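Here is the structure we will look at, set down as structure tokens.
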Amino acid sequence: MADQVRFVYSGIRVRSLSRSLRFYRALGFRVVTRGEFSHGGKWVHLVFPGSTHRLELNFYAKGNPFYEPFHPGTEFDHFGFFVSDPIRWLRKAVRAGGRPAVGYVDGPYQLLYVKDPDGVWLGVCGPAWPGALPSPATILRRKRPSRGARSRRAGRNRSATRGPRPRRR
């Protein structure tokens, strides 16, 4: 089955969630949904009439692992994608030149973040399966068997069902 990937939102960091909500609502945006991450960060998704792309406002209080002081140009947080297989997407992004940043499970969702070659964050959200999510670096260190090893293993499995192979002389 092919991966399903949708570009859903663009996230920005805000200093004051209430002030930012007032501003974007005055421009015509409406709140679609809001929530709080398990790490304490707060987020709000807004949509502009006639558009399906969302704007995500992210607020991280001091002491939050994602908090950092604002400097010119640091307000952009990340681009957000929904994917059917976050692990596969992470591997694809790294093969393309991305660098894993952070990953965690938050309720029924798995969130993984990758930095593009210029340091821009891309976030993917997808279904989580039971169990702890390994770090992105651990996921990438898992080596798939080489083609030769896969074919040797496949050969052993086939020979077990067909009987022993003849000996070479």
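The values are calculated or read from the model by the stated rules, or taken from the named source; none is laboratory data. The structure presented is a predicted model; accordingly, all values stated were derived computationally and were not measured. Here Cβ is always computed from backbone atoms with ideal geometry, including for glycine, and neighbour counts include all displayed protein chains.
So, in segment 105-130, how many residues would count as being in a strand (DSSP E or B), under 19 Å from H39 (Cβ atoms) and of a type outside the set (A, V, I, L, M, F, W, C)?
7
State whether the residues of segment 13-20 include one that is part of a loop (DSSP other than H, G, I, E, B), surrounded by fewer than 13 Cβ atoms within 10 Å (Cβ to Cβ), more than 20 Å from the chain's Cα centre (by Cα) and polar (S, T, N, Q).
Yes: one or more hits.
Output the residue which, of all residues in segment 66-85 that are free of Cβ contacts under 8 Å to residues at least 40 places away in the same chain and either in contact with a Phe, Trp or Tyr (Cβ under 6 Å, 6 or more places away or on another chain) or surrounded by 12 or more Cβ atoms within 10 Å (Cβ to Cβ) (or both), is nearest to S20 (Cα to Cα).
For segment 66-85, the residue satisfying everything is Y67.
Might you let me know whether segment 100-116 holds any residue that is at pLDDT below 90, loosely packed, with under 12 Cβ neighbours inside 10 Å and out of contact with any Ser or Thr (no Cβ under 9 Å at 6 or more places or on another chain)?
So far as segment 100-116 goes, yes, one or more of its residues are at pLDDT below 90, loosely packed, with under 12 Cβ neighbours inside 10 Å and out of contact with any Ser or Thr (no Cβ under 9 Å at 6 or more places or on another chain).
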